[in-house]
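Okay, structure first, notes after.
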Amino acid sequence: MSFLKDFDPDIYDYCVQELDRQTHHLEMIASENFTLPAVMEAMGSVFTNKYAEGYPFKRYYGGCEFADGVEQLAIDRVCQLFGCSYANVQPHSGSQANGAVYAALLQAGDKLLGMDLSHGGHLTHGAKPSFSGKNYHSFTYGVELDGRINYDKVMEIAKVVQPKIIVCGASAYAREIDFARFREIADAVGAILFADIAHIAGLVAAGEHSSPFPYADVVTSTTHKTLAGPRGGIILTNNEEIAKKINSAIFPGLQGGPLVHVIAAKAVGFKHNLSDAWKTYAKQVKANAHVLAEVLMSRGYNVVSGGTDNHLVLLSFLDKPFSGKDADAALGRAGITVNKNTVPGETRSPFVTSGIRIGSPALTSRGMKEKEFDLIAHRIADVLDDIDNAAKHQAIKEELAKLAEGFILYHQPTY
Ligand SMILES: *Cc1c(COP(=O)(O)O)cnc(C)c1O
């Protein structure tokens, strides 16, 4: 990093401060993770200089022979990882990937059925502020008060709505998604089934969550959440017709030049995901989330759906005198980073909420196991039990910073 330090000390300084923050805080935002140093090196590589519009061996620019090798390797690895035939590794983000799926398969105004944002769905699943709710006629399904999807109800809604596409997958849902059941629903109404596995992809890749294949017609994911790769998106399918439409929707439909340096980093990430170590990691992610849920329930907190099948825990404070926003702020004072989240039966606005979402992937990447998660879950409960006690929060922050120092970021760059 000496080039950056010499040339731009201001940005260098922010990097140093951010590394310090990442080192000493406990990162428990369910959508975040720590990637490998090898992934970061590829992201910072010479491929950032290269234009490669088009696809491997079919480019609009010269000098793409090495970019072709990179992108083809990323495609081959991700197809092996998820057991599918076609992949587009160019989406700049998960939202771009979803936009391409709609652009490829829908006309403006077509009916889309997705999970309600306030019930755990994503903005791009038809929420009104998103292009997905503006350009398409969107309808939603949600969860019951027990925090679970009622598949019979989704079937009823689908039969009334008659959507062109059904989106399954979520951003704040702690239970296994039944892709086979969604296939039945899609078949009953002649809809395309689109699975967005942005949150659970790392578990799916390890066999720790059921796969959307062979059920879904098309699958998208981010690469930076449970997959622990670089920030970006992917689109997968077994259907050649859909694959062709997706490729045209990404380029020239929505994007220009691909981020070849990020595609190189995606390939490195997929190599990591294909290793035996990955299976061990994914198992540990689930075991750690399980400890969080069990301890918080034993301390009198309401875990939505009564537990977790994946990497996240949703806590509801509907029975408590404080909001998700209050809890988020108090935990922040104690050095624990989470996010406020709406919960089933929500009574507050999305800016306040009555819950928080807590995830295990990032701290698991730092090497923490059940023992540490047990302690952290107790400290979370200690903070929430005494939500106005700033002095106590500060003391917990100091204790947890010491704990965190014992799990130094293994990819620590040499600033
Ligand atoms: C995070 C997420 C996305 C969007 O990913 P970005 O890279 O932030 O655009 C899409 N779908 C789901 C379900 C997500 O959780």
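What follows draws every value from the coordinates through simple rules; no lab data is involved. Note that the structure is predicted; figures quoted are calculated from it, not measured. No Cβ is skipped: glycine too gets one built from the backbone with ideal geometry, and neighbour counts run over all protein chains shown.
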> What list of ³J(HN,Hα) couplings, whole Hz, do you get for the range 34-42 from phi and the Karplus terms 6.51, -1.76, 1.60, once you set θ to phi - 60° and write x for glycine and proline?
Replying inline: 10, 8, 7, x, 5, 5, 5, 5, 5
>> Which of 275, 118, 221 ends up with the largest GNM mean-square fluctuation for the chain, with Cα atoms connected below 10 Å?
In response: 275
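Name the shape class, rounded, prolate or oblate, that the alpha-carbon gyration tensor gives for the range 57-145, where a ≥ b ≥ c are the square roots of its eigenvalues, rounded holds for a/c under 1.5, and otherwise prolate holds if a/b is larger than b/c and oblate otherwise.
Working: a/c = 3.11, a/b = 2.02, b/c = 1.54.
Since a/c reaches 1.5 and a/b is larger than b/c, the shape of the range 57-145 is classed as prolate.
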> Counting only residues 5 or more places away or on other chains, whose amide H sits under 5 Å from the amide H of residue 309 once H atoms are built in the peptide plane?
Replying inline: 175, 176
> Normalised by the residues of the range 292-360, what does the relative contact order come to in percent, with Cα pairs under 8 Å and at least six apart?
Replying inline: 32
> By a straight-distance test (C-alpha under 15 Å), which aspartates and glutamates pair with residue 244 as possible cross-link partners, with residues fewer than eight away in the same chain excluded?
Replying inline: 217
>> Over the range 50-273, what is the relative contact order in percent, taking alpha-carbon pairs closer than 8 angstrom and at least six residues apart?
In response: 28
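Which of rounded, prolate, oblate describes the range 50-273, given a ≥ b ≥ c as roots of the alpha-carbon gyration tensor eigenvalues and a/c under 1.5 marking rounded, otherwise prolate only if a/b is larger than b/c?
Since a/c reaches 1.5 and a/b is larger than b/c, the shape of the range 50-273 is classed as prolate.
Report the gain in length on full extension from residue 298 to residue 146: 0.36 nm times residue separation, minus Cα-Cα distance, nm rounded to one decimal. It would help to have the intermediate numbers written out before the result.
Details: separation 152, 0.36 × 152 = 54.72 nm, distance 1.82 nm.
Additional length available on full extension: 52.9 nm.
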> In terms of modelled amide H atoms, which long-range or inter-chain residues lie less than 5 Å from the amide H of residue 302?
Replying inline: 316
>> Just to check I understand the Karplus step: with θ = phi - 60° and J = 6.51 cos²θ - 1.76 cosθ + 1.60, what whole-Hz values come out for the range 264-279, glycine and proline as x?
In response: 4, 5, 4, 4, 5, x, 5, 4, 4, 5, 7, 7, 5, 4, 5, 4
>> Using only the alpha-carbon atoms, what does the chain span along each of its principal axes? Please give whole angstrom values in decreasing order.
In response: 61, 61, 37
> the range 267-303 to the range 193-245: how many Å between their Cα centroids?
Replying inline: 19
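Once you keep just the Cα pairs under 8 angstrom separated by 6 or more residues, what percentage relative contact order results for the chain? Before the final figure, lay out the partial values.
Values: 858 pairs, mean separation 95.4, N = 415.
Answer for the chain is 23 percent.
Lys and Arg at +1, Asp and Glu at -1: add these up for the other residues within a Cβ distance under 12 Å of residue 57 and post the number. Working shown, then result.
Values: positive: 58, 59; negative: 65, 68, 71.
Here the count lands on -1.
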> Treating the beta-carbon of each Lys and Arg as +1 and of each Asp and Glu as -1, no other charges, what is the dipole magnitude of the range 50-273 about its Cα centre, to the nearest 20 debye?
Replying inline: 480
> Which FRET efficiency value, to the nearest 0.05, is calculated for residue 14 and residue 80 with the Förster distance at 30 angstrom and r the Cβ-Cβ distance?
Replying inline: 0.20
>> Running a GNM on the chain with Cα contacts under 10 Å, which residue among 33, 49, 247 ends up with the highest mean-square fluctuation?
In response: 49
> Highest mean first, what order results for 257-270, 324-337, 364-377 on Cβ atoms within 10 Å?
Replying inline: 257-270, 324-337, 364-377
> Taking amide H positions as placed 1.01 Å from N in the peptide plane, with prolines and chain starts having none, which residues 5 or more places from residue 168, or on another chain, fall under 5 Å of its amide H?
Replying inline: 194, 195, 196
> So how do 342-354, 164-176 stack up, highest first, on mean other-Cβ count within 10 Å?
Replying inline: 164-176, 342-354
> Under the Karplus relation 6.51 cos²θ - 1.76 cosθ + 1.60, θ = phi - 60°, what is the ordered set of whole-Hz ³J(HN,Hα) values for the range 238-255, x standing for Gly and Pro?
Replying inline: 9, 9, 4, 4, 5, 4, 5, 5, 5, 4, 5, 5, 6, 9, x, x, 10, 10
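Counting other Cβ atoms within 10 Å of each Cβ, which trypsin sites (Lys or Arg not before Pro) in the range 1-101 have at most 11 and sit in a DSSP loop?
Qualifying residues, ordered by number: none.
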